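As structure tokens, the structure follows; a few thoughts come after it.
The values are calculated or read from the model by the stated rules, or taken from the named source; none is laboratory data. Since the model is a prediction, treat every value here as computed from it, not as a measurement. Glycine also receives a Cβ, built like all others from the backbone with ideal geometry; neighbour counts cover every protein chain displayed. Please note that ligands, DNA and RNA were not included when accessible areas were found on the heavy atoms of the full protein model with its side chains. Shrake-Rupley method; radii C 1.70, N 1.55, O 1.52, S 1.80 Å.
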Amino acid sequence: MTAAAGRGATLAPRVLLTRSEEDNAEWADRLAERGAASVALACIHCERIDSPTLRTALTAAANEADWLAFTSRRGVEAFAALCAARPPGLHVAVVGAATAETAREKLGRVDLLGRGGTAAALGETLIRQGDLAHRPRVLLALAENAGDTLERALTVAGARCTRFDVYRTIPAPKAAERRAMSTLGADNVIFASPTAVHGFLQQVAVDVPIKVFSIGPSTSAAVRAAGLRVTAEAREPNLDGILECMQWQT
């Protein structure tokens, strides 16, 4: 466990971050810039899915597709590592700003940016602006445990979708003896995925009242299913949205 404290941390709540180790570090730095103290507990880890069969199929699909669609930067990173094809006519659609930054770095382009930061919002933007009547073939590079919201919306709109699971998120394993929440030095918990909720409960026994802040609806549903109360849910599925719902000035 690591801790990061920023300017004015004595006036801010202490927040438990529950993402992967790498992602926790990124958010800890950003929270510190905003005067918030954080404690990191990696509750998930991510791994790329890789096989010769997947690489061959992904490359063939990319050569036939009109659109590449990504709902996370990890999807972009995995696709870039697995697929050698970069057809010049292949357009790239991404869910939000962080994913766009990675796509520009790894793939050299972003043609469409979703409004709202969710798979549903990306689908709506693609349907409105993606000219699916003339460019209907959409390759989706997603997490293994991602839902089918984007694929269903695009299919209804006439797109021909091909989905590839290119990475997976895995909850932290069940601890032999879970740590008491009261020992972690935080009274607020941020969850950015249902998997993180699962991993958190595998490691931590909630023995004190906590405030729980969720990045979006599916994560909130996982929190409630675990018997915890959602204090607030972000309107935008990113750290700024979470900070807003925590009523901090960003």
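Please give the contour-minus-distance gain from residue 178 to residue 49: 0.36 nm per residue of separation, less the Cα-Cα distance, rounded to one decimal in nm.
Full-extension gain reported as 43.5 nm.
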Under-5 Å amide H pairs with residue 179, H placed in peptide plane, nonlocal only: 204, 205
Heavy-atom SASA rank of 151, 236 (probe 1.4 Å, accessible area, largest first): 236, 151
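Counting only protein heavy atoms, what percent of the accessible surface of the range 53-95 is carbon or sulfur at a 1.4 Å probe?
It is 57 percent, rounded to a whole number.
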Rounded, prolate or oblate (a/c below 1.5 giving rounded, otherwise prolate when a/b exceeds b/c) for the chain by Cα gyration tensor: prolate
Residue 148 paired with residue 133, simple spin-label distance in nm, labels 7 Å along Cα-to-beta-carbon: 2.8
Dipole of the chain [Lys/Arg +1, Asp/Glu -1 at C-beta], most positive-end residue of 172, 214, 184: 214
Rg [Å, one decimal], Dmax [Å, integer] - the range 128-233, C-alpha atoms: 18.4, 58
Three-way shape label, the range 107-165, alpha-carbon gyration tensor, a/c 1.5: rounded
Table column - 3J(HN,Hα) (Hz), the range 185-192, Karplus curve with 6.51, -1.76, 1.60, x for Gly and Pro: x, 9, 10, 10, 10, 9, 10, 10
Estimated [θ] at 222 nm from DSSP helical runs (n ≥ 4, -39500 (n - 2.57)) normalised by residues in the chain, nearest 500: -11000 deg cm²/dmol
Integer Hz, Karplus 6.51/-1.76/1.60 couplings in order for the range 218-226, x for Gly and Pro: 5, 5, 4, 4, 5, 4, 5, 4, 7
Most to least accessible of 106, 211, 174 (protein chains only, probe 1.4 Å): 174, 211, 106
Carbon + sulfur, % of accessible area of the range 133-250 - ligands and nucleic acids excluded, 1.4 Å: 49
Accessible surface of residue 152 - all protein chains present, 1.4 Å probe, nearest 10 Å²: 130
Stretchable slack from residue 238 to residue 109, in nm (0.36 nm times residue separation minus alpha-carbon distance): 44.2 nm
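Using a 1.4 Å probe and counting only protein heavy atoms, arrange 48, 74 so the residue with the most accessible area comes first.
48, 74
Based on the Cα atoms of the range 41-187, what semi-axes does the equivalent ellipsoid have, where each is the square root of 5 times one gyration tensor eigenvalue, given in whole Å with the largest first?
31, 18, 14
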Charge sum, other residues only, whose C-beta stays under 11 Å from residue 15's C-beta, Lys/Arg counted +1 and Asp/Glu -1: +2
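Send over a whole-number figure in Å² for the accessible area per residue of the chain, probe 1.4 Å. Don't skip to the end; give the middle numbers.
On the way: 12010 Å² over 250 residues.
Heavy-atom SASA per residue in the chain reads 48 Å².
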